Amino acid sequence: AKAGGKRRAVVYSDVHRERALRAVRLEAELRRALELGELRLHLQPVVDIRTGATIAAEALVRWQHPQRGLLPPGEWLDVAERCGLMPELGAWVLDEACTLAAAWTDDAPRPVTVHVNVSARQLEQEGFVDVVRGALVRSGLAPERLVLEFTETHLEEVSDALLQDLVSLRESGIGLAADDYGTGYSPLTRIIELPLSMIKIDKRFVGDMLEDVRSRAIVTTLVRLGQSLGLEVVAEGVETPQQAVQLSELGCASGQGYLWSRPVPPEEFTARLLPGTGT
Ligand code: C2E
Ligand code: CA
Ligand code: CA
Ligand code: CA
């Protein structure tokens, strides 16, 4: 039994080393990808659930890898975050998203906004506010057309300095959304201490809503909470018409999910999903 234990330990450390090596290689490749411009943004519409009209687009980063094809962030974003590439990557995403949105023609009654995900590291970074302002100035995008998404866990511990930054961003007209809402451990009261304009209900609850009464209770509660606090509410991960109907009955006005569209390249978004085009 002892020998077996030792053997397992050796195998484990090999696996460990292999994993570490892979992370190092990935890091080098990622740095190169940023330099060579291999990153892309895909856009997924946020829609008015009743009409299906696009009201916003969430920018989701992809890596156009020369050998391995289009890689979703799940496979590499945490490496970028751990090796300190996030400030640079995040700044690129902000610039690119604002530039794309600034080019959209705006004859819709309400201009289409662009949502950008912000990571914990990026948020902690000194000068984050200037990075955001810089992206707006360079692109010419109005601050009202930008929404920053933060996951709830990033918002559990907010320093006074960060809170001030968030307030100043919000006061300049930028939208602030609590992403994946309902999955963190922060008390419900957290939401009134932060200058948020929107909550996005996590797809886990939306996906289970029709079968699981507890998920439905959470969705119902979050929609009401949003309404009573004057926050916009977006349901994420809507995949079926039945879910859309249920959400609509609960009073949730906006949704996002495969039911309407997967994230698509910017050209396809502009051609097919902007109001006044195609469908
Ligand atoms: P997220 O912010 O919660 O983004 C939504 C994710 O759900 C996206 O995955 C999207 O493709 C997927 N999704 C959309 N509709 C549906 C649906 O109906 N059903 C299901 N099952 N999934 C749906 P994606 O693009 O792989 O991104 C994963 C996560 O990576 C994002 O989760 C976000 O946390 C992070 N991320 C993506 N782009 C960026 C970025 O530019 N910066 C940062 N910091 N994080 C990013
Ligand atoms: Ca998001
Ligand atoms: Ca989300
Ligand atoms: Ca997420």
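Filtered by the rule that a residue be among the acidic types (D, E), modelled with pLDDT of 95 or more and either within 16 Å of ligand 1 (Cβ to nearest atom) or touching a Lys or Arg at 6+ places or on another chain (Cβ under 6 Å) (or both), region 141-180 gives a lone residue, E149.
Here is a list: E149, E124. Which entry is surrounded by 14 or more Cβ atoms within 10 Å (Cβ to Cβ) and more than 27 Å from E249 (Cα to Cα)? Answer to the selection: E124. Of the strands (runs of 3 or more DSSP E) entirely within region 50-163, those holding at least 3 residues that are of a type in the set (G, A, S) occupy 54-65. Residue-level analysis places T189 outside the set of residues that are within 16 Å of ligand 2 (Cβ to nearest atom) and surrounded by fewer than 16 Cβ atoms within 10 Å (Cβ to Cβ).
Being at pLDDT 95 or above and touching a strand residue (DSSP E or B) at 6+ places or on another chain (Cβ under 7 Å) is a property that does not hold for R138. The listed residues are V93, V47, and the only one of them that is closer than 24 Å to A135 by Cα, of a type in the set (V, I, T) and crowded, with 21+ Cβ neighbours inside 10 Å turns out to be V93. Within region 170-186, the set of residues being surrounded by 17 or more Cβ atoms within 10 Å (Cβ to Cβ), over 17 Å from V158 (Cβ atoms) and out of contact with any Phe, Trp or Tyr (no Cβ under 7 Å at 6 or more places or on another chain) comprises just one member, G175. In the set S139, S172, only one residue is of a type in the set (S, T, Y) and in contact with a Pro (Cβ under 6 Å, 6 or more places away or on another chain); that residue is S172. Only one entry in E211, E249, E239 is open to solvent by 20 Å² or more (accessible area, probe 1.4 Å), in a helix (DSSP H, G or I) and of a type in the set (D, E), namely E249. Of the residues screened, I218 is not one that is within 25 Å of P111 (Cα to Cα), surrounded by 15 or more Cβ atoms within 10 Å (Cβ to Cβ) and within 16 Å of ligand 3 (Cβ to nearest atom).
Looking only at region 19-35, residues that are farther than 26 Å from H115 by Cβ and either buried (at least 21 other Cβ atoms within 10 Å of the Cβ) or of a type in the set (A, V, I, L, M, F, W, C) (or both) come to 6 in all. Restricting S228, S261 to residues that are closer than 25 Å to D208 by Cα, of a type outside the set (A, V, I, L, M, F, W, C) and in a helix (DSSP H, G or I) narrows the list to S228. Counting just the residues of region 52-72 that are charged (D, E, K, R) and within 16 Å of ligand 4 (Cβ to nearest atom), which one comes out surrounded by the fewest Cβ atoms within 10 Å (Cβ to Cβ)? That would be R62.
The values are calculated or read from the model by the stated rules, or taken from the named source; none is laboratory data. The structure displayed is predicted, hence computed values, not measured ones. Cβ coordinates were reconstructed from backbone atoms using ideal geometry, including for glycine residues, and neighbour counts include every protein chain displayed. The accessibility values were calculated without ligands, DNA or RNA, using every heavy atom of the protein model including side chains. Shrake-Rupley method; radii C 1.70, N 1.55, O 1.52, S 1.80 Å.
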